[in-house]
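**Q** Before anything else, here's the structure in question.
The values are calculated or read from the model by the stated rules, or taken from the named source; none is laboratory data. Since the model is a prediction, treat every value here as computed from it, not as a measurement. Cβ atoms come from the backbone with ideal geometry, glycine included; neighbour counts cover every protein chain shown.
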Amino acid sequence: MEYDELIRGFGNFGNYQRRLYIVLFLPIIFNSFSSPVTNFLLGHQQHRCRIPGLDNDTYKIQSENHQQLINLTIPRKLDGDYEECMVVSNGSLETCNDWVYDTSMFQSTVNSQFNLVCDKKLMRSHAVMAYFIGTVVSTIVFVPLGDIVGRRYMVCVSTTLTFIANIAMPFSINIYMFSVCRFFDGFCGNCLYMASFIIGMEFVGPKNRILAGTCILLVYCLGEFILLLLGFLIRDWKWLQFTLAVPMAIPLLYWWPKVLPESPRWLVSRKRYKEALKILRNVAKANHVEFNKDLSGVKIRNDEGILKILKELLKSRKLMFRSTIMLSNWFVISFIYYGLTLNMGKLAGNLFINFAIGVTVEAMGYSLCFLMNKTGRKPMHLVVMFGSGFGCLLSILPALFFDSSLTWLLVAFAMVGKFGISAAFGEIYIYTGELFPTVVRSFVLGFCGVGARLGATISPYIYHFADGTFGEALPLIIFGGSTIIVAVMSIKLPETRGRKLLESVKDAQHEDALKIDKYDNDNVCSEDTSGWSETSPL
């Protein structure tokens, strides 16, 4: 008997699974803070050089009481704004090393505390990148480690280390300590999310995996709304980070096995039948079903080794071509999603309004995944990718007119891009899993996942191009162009709705013969996809 057939007998999503998902929602919510919080921790503050000889100098005092002194001391740029890095001192123009900051939006940020401006401006992106380097490393490390020590143990260890990294962050004494904390936040938080997600998926039957996975994405959006509320109420970065970190101690209760059980699937794969049997009996009791089976006959597919997997993949030119297309998709989707999410504050308009609109649009995009069984995989993928690409490209219009009254249009086009790319993030995992046979599926998904993390890692740097001729529109143009390119590449992909999952490389050469007349939800990713279970930007 296959494990999926066994778990289906308990009810695909019964009382036990619902209670388990409530427990697992906490790590998802906390993980949702990690990447977009940089909009608030590293939020942009207007700044000018401190005026030499002016006592108790602040940005507010300069603006309200010393306008004439500012005009004499701070030179202006070509666009009429005051220089941020130059000051007139002793009759000569000099580069300053002390600044005053506007506190109307944020009382304090990492930028203002460590003076990450002018020649240190790039350090902001380095600090953001540290988080994503952590996620890249954890993505590579997690797959083998999670299979060795177990899902529950990974959740517990990651929970503890995530709490330590986040609670230490407000006490950073320099940007380097802050970046190290961000690295461990990315590393441990990503492991926490993946392990939590895998436990949830391994307790759910194949029929409900799209539903369960999409619900997790929506919970992620709920966490972003909580972050927005706290970011609006707390404008000091240290207190905001501390407030976000303290509740992360709650999942430390997961060390108690009654709160979070181990995955029976993993226990069976390790031949720990007695422990798995105890957990499955609890599932049966909660779901009001009978369970009297011997687990020794349950089959779990084991990974066959990296060399054998690569050999199987390299056998097929079709699969290699398909792998290239999907790797490009994952890279670009992650690149654009994080590029838009991490830089809400750099779009025209109010940060908090833009962030709220962005999260709402993101939730709407994820909700499209519920329609995958009706629309098919390929049509949805092409529509959301082309839609996102053209939405971003259209941002060139308000830039060409150079009319400040059209800045709302720039935000609107960015939100169209965010909607499409969020939907793509929700559906790409399922589509990728169905495009590849069982023998290479986990490897390809892991490979694409690393590509996605690399895309996320370079995304913080893209808004350094926002100072050019097209200003804020240029990053969106880059996003749109790259999305259109991979969308055109994806036209070559086949539809997978209504097709049985591929088992071998040989099946991939004759996949049209695997079509079935009536679409069966139980067929969707019903194979072992536990080797890689990341379906979102978390």
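**Q** Write out, first by first residue and then by second, each pair whose Cβ atoms fall under 7 Å of each other, whose residues are 6+ apart or on separate chains, and whose first residue, in the range 325-344, is of a type in the set (Ser, Thr, Tyr) while the second is not in a helix (DSSP H, G or I).
**A** Pairs that qualify, where the first residue is of a type in the set (Ser, Thr, Tyr) and the partner is not in a helix (DSSP H, G or I), are Ser334/Pro537; Tyr337/Pro537; Tyr338/Ser35; Tyr338/Pro537; Thr341/Ser35; Thr341/Pro36.
**Q** Sticking with this structure for a sec: Considering each residue of the range 144-178, count those that are among the aromatic types (Phe, Trp, Tyr) and over 21 Å from Ser35 (Cα atoms), and give that number.
**A** 1
**Q** For the structure I just gave you, tell me whether Met129 is hydrophobic (A, V, I, L, M, F, W, C) and touching a residue at least 60 places away in the same chain (Cβ under 8 Å).
**A** yes
**Q** If only one of Ala127, Ala195 is modelled with pLDDT under 85 and either surrounded by fewer than 23 Cβ atoms within 10 Å (Cβ to Cβ) or under 18 Å from the mean Cα position of the chain (by Cα) (or both), which one is it?
**A** Unique residue meeting the criteria: Ala195.
**Q** May I ask you to verify whether Thr38 is among the hydroxyl-bearing types (Ser, Thr, Tyr) and over 36 Å from the mean Cα position of the chain (by Cα)?
**A** Taking the combined requirement at face value, the residue does not satisfy it.
**Q** Let me ask you something else. Take the conditions more than 15 Å from Arg19 (Cα to Cα), at pLDDT 80 or above and in contact with a Phe, Trp or Tyr (Cβ under 9 Å, 6 or more places away or on another chain) and apply them to Tyr273. Does it pass?
**A** No; evaluated as a whole, the condition is false for this residue.
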